[in-house]
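Worksheet for the structure shown next.
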Amino acid sequence: MNKIRFLLLIFLIMSIGGCTPKGCSFLPKTSLTIVQYHLEKSVEEGGAQIEGVARNDGSAKLEYAEVIGKFYNQDGTLLATGVAKTTSEEPEEEEKYFTLDPGQIWEFTISYSSAAREANPSLTILSYHLEKDSSGAKIVGQAQNDGDVMLSFAQITGKFFCGGEAHPSLKVLSCNLEVDSSSTKAVGEVQNDGDVLLSSAQIEVTFSDAAGSELATGTASVLDIEVGEIREYTVFYPGSYYEEEVEYVMAEVTSTEYDEEETELASSTASTTDLEVGETWDFSILYPKEDYEKVEYVTAEVDDESLDYAETLYEPAEQVDHVTVKVGTLKGSTVMP
């Protein structure tokens with residue numbers, strides 16, 4: 001009987017001391033519960049913050065506690081992360097932490113800190129054309145800021161030309177294999193079917209065997225071919241002299257060159273400022289000379305080096321749509337309260 005009483009006494013002492021059948025723990029428990037929180041936005045000041053209330057639901061006095069808050073935009077993209085700590089609000093040379101007794105309430109605030117990001121400026125020309133009337137000539141068109149940052153400055157360069165745009169072309173009319181006792185070669189004709197005199201052109205011929213396998217290639221050049229002119233060419237088989245191997249030949253034009261006349265009459269620019277992301281710009285570039293009757297076609301291109309924008313960008317607080325919070329690091333006292 002005395003032995004049973006002794007065992008019951010030991011069990012009672014262990015229960016008071018924090019021991020259970022699963023083990024003993026004589027340390028008080030740390031716990032922090034977030035009771036409530038909400039997003040607070042200030043339209044006038046352009047700021048955002050999380051305001052909330054947390055409670056020490058453990059048995060230990062909390063010597064340090066933190067709550068982690070995350071700010072998201074409407075698409076669910078994380079904009080920034082902030083932390084509230086149990087620190088004194090009084091200005092100190094070093095951070096001074098305050099404690100939370102069991103059951104004590106802590107009103108915390110997490111301010112939004114704008115997250116810096118890299119800019120990707122871009123301006124795309126959507127359309128442009130030449131307009132002429134009795135008073136002059138100009139390039140009119142539309143461009144769009146399709147980057148991710150407002151352009152504080154952007155410029156488009158327009159060029160004015162006389163004469164039509166050249167379209168060089170050389171067409172292979174024929175390519176035939178000729179084999180005799182002294183040579184194996186490809187002979188044929190080409191024609192300048194473009195709209196400009198060709199100062200030079202190169203023709204490449206491929207020599208193949210009966211199975212269609214390539215044996216060798218050779219080239220020939222022709223010079224000063226007038227528009228519509230037909231020329232003959234000859235390409236000798238460049239491999240070892242085994243004429244019986246070659247069964248097929250095929251020719252193709254690999255390059256054409258022409259003397260481009262100086263047709264640019266003038267160039268000018270148009271610029272804009274403060275172009276928002278996604279905004280379109282109706283630009284106009286005036287021909288700067290009096291001989292506007294000569295202008296027949298134009299080109300326009302963005303001067304990428306002119307694009308100016310803020311080097312360091314921040315996500316404004318008005319983009320914050322919702323927030324989340326969670327308990328961070330806790331440090332509890334090892335002394336029983």
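The values are calculated or read from the model by the stated rules, or taken from the named source; none is laboratory data. Since the structure is predicted, the reported quantities are computational estimates derived from the model, not experimental observations. Positions of Cβ are generated from backbone atoms using ideal geometry, with glycine treated the same way; all protein chains shown enter the neighbour counts.
Pick from THR263, THR312: which is exposed (fewer than 15 other Cβ atoms within 10 Å of the Cβ), at pLDDT below 90 and either over 30 Å from ALA210 (Cβ atoms) or not acidic (Asp, Glu) (or both)?
Matching residue, one of THR263, THR312: THR312.
Give me the residue from segment 147-177 that is charged (D, E, K, R) and surrounded by 15 or more Cβ atoms within 10 Å (Cβ to Cβ) and, out of that set, farthest from TYR309 (Cα to Cα).
Filtering segment 147-177 for residues that are charged (D, E, K, R) and surrounded by 15 or more Cβ atoms within 10 Å (Cβ to Cβ), the one farthest from TYR309 (Cα to Cα) comes out as LYS159.
Which of the strands (runs of 3 or more DSSP E) contained wholly in segment 138-215 include at least 3 residues that are in contact with a Phe, Trp or Tyr (Cβ under 7 Å, 6 or more places away or on another chain)?
Per the criteria, 154-161, 184-192, 198-208.
If you check ALA137, ALA210, which single one turns out to be touching a helix residue (DSSP H, G or I) at 6+ places or on another chain (Cβ under 9 Å) and either within 30 Å of SER271 (Cβ to Cβ) or modelled with pLDDT under 90 (or both)?
Of the residues listed, the single one that is touching a helix residue (DSSP H, G or I) at 6+ places or on another chain (Cβ under 9 Å) and either within 30 Å of SER271 (Cβ to Cβ) or modelled with pLDDT under 90 (or both) is ALA137.
Could you list, in sequence order, the residues of segment 55-76 that are small (Gly, Ala, Ser) and part of a strand (DSSP E or B)?
ALA65, GLY69
If a residue must be modelled with pLDDT of 90 or more and not polar (S, T, N, Q), how many such residues does segment 27-47 contain?
7
For segment 145-159, which positions are more than 17 Å from ALA119 (Cβ to Cβ) and out of contact with any helix residue (DSSP H, G or I) (no Cβ under 8 Å at 6 or more places or on another chain)?
Result: ILE156, THR157, GLY158, LYS159.
So which of VAL179, VAL190, VAL172 is in contact (Cβ under 8 Å) with a residue 60 or more places away in the chain and farther than 13 Å from TYR233 by Cβ?
Matching residue, one of VAL179, VAL190, VAL172: VAL179.
Scan segment 120-137 residue by residue and report those that are assigned to a strand (DSSP E or B) and touching a residue at least 12 places away in the same chain (Cβ under 8 Å).
LEU123, THR124, ILE125, LEU126, SER127, TYR128, HIS129, LEU130, LYS132, GLY136, ALA137
Here's the yes/no breakdown for (1) outside the structural domain of GLU290 (by TED's automatic domain parsing); (2) surrounded by 13 or more Cβ atoms within 10 Å (Cβ to Cβ):
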position: VAL179; (1), (2): yes, yes
position: GLU189; (1), (2): yes, yes
position: LEU198; (1), (2): yes, yes
position: GLN202; (1), (2): yes, yes
position: GLU226; (1), (2): yes, no
position: VAL249; (1), (2): yes, yes
position: SER268; (1), (2): no, yes
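Which members of segment 50-61 meet the condition of being out of contact with any Ser or Thr (no Cβ under 6 Å at 6 or more places or on another chain) and of a type in the set (A, V, I, L, M, F, W, C)?
ILE50, VAL53, ALA54, listed by residue number.
Mind checking which residues of segment 48-106 are at pLDDT below 85, under 30 Å from GLN319 (Cβ atoms) and not small (Gly, Ala, Ser)?
Residues satisfying the conditions are ASP75, THR77, LEU78, LEU79, THR81, THR87, GLU89.
For segment 126-146, what are the residues that are more than 26 Å from the chain's Cα centre (by Cα) and surrounded by 16 or more Cβ atoms within 10 Å (Cβ to Cβ)?
Result: LEU130, ALA137, LYS138, ILE139, VAL140.
Quick one: ARG231 ticks every box in (1) part of a strand (DSSP E or B); (2) buried (at least 18 other Cβ atoms within 10 Å of the Cβ); (3) under 39 Å from the mean Cα position of the chain (by Cα) bar one, so which box is it?
Single failed check for ARG231: (3).
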